[in-house]
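Where a number appears in this text, it was derived from the coordinates with a stated rule and is not lab data. Computed from a prediction, not measured in an experiment: that's the story for all the values here. As a convention, Cβ positions derive from the backbone with ideal geometry for all residues, glycine included, and neighbour counts pool all protein chains shown.
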Amino acid sequence: LVIVYGKTTIYNGIAETSNKNAHVYSVNGATDDKNGLGNVSYPFTAAGAQNAVKDLSWTSNTEYESTDEVYVKGKISRIANNGTFTQGGTYGNASFYISEDGSESNEFYCFRVLYLGNQTFTEYPEGTDIKVGDDVIICGKLMNYKGDTPETVSGKAYLYSLNGKTE
């Protein structure tokens, strides 16, 4: 028994997966994919997220393929833009890298991610600083920017969990 997760369409009366966004969820009840499955119960790892977008096309900033909303877990390894989420920040989002173990290898780029509850960092009522070493789960759409940079779609992803705290 195989369960496939992803978009489907009907073609000539037959259901089929579409848009390169489907993956095997389980085989004979086993769901222990080491790179995750992209759902809230089994989020992708950084490697799983990279694999999920590797074949997506990119033509321009307005013409690209993306995944449906998925979940990606990791540990913040680097913060790319530290001016958007701390005091004085005005954009309300953060850009950072995550990896499975917090190292700077096999990273996934979380680009312009919103805060817990899909709110801007500046709207959230409590302290909103993130730091290297934080455990996160990201929820959102993923893309392959310019065909060679796996990342979240700008403004279409948020922190689902920060160090175990969810909103």
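Got a sec to turn the phi values of the range 53-59 into Karplus ³J(HN,Hα) couplings, 6.51 cos²θ - 1.76 cosθ + 1.60 with θ = phi - 60°, whole Hz, x for Gly and Pro?
10, 4, 9, 6, 8, 9, 10
Please find the FRET efficiency linking GLU69 to ASP101, where r is the Cβ-Cβ separation and R0 is fixed at 35 Å, and quote it to the nearest 0.05.
Efficiency at R0 = 35 Å is approximately 0.90.
So which of LYS75/LYS146; LYS34/LYS73; LYS75/LYS131 end up more than 20 Å apart, counting from Cα to Cα?
LYS75/LYS146
Which FRET efficiency value, to the nearest 0.05, is calculated for LYS7 and ASN118 with the Förster distance at 22 angstrom and r the Cβ-Cβ distance?
It comes to 0.50.
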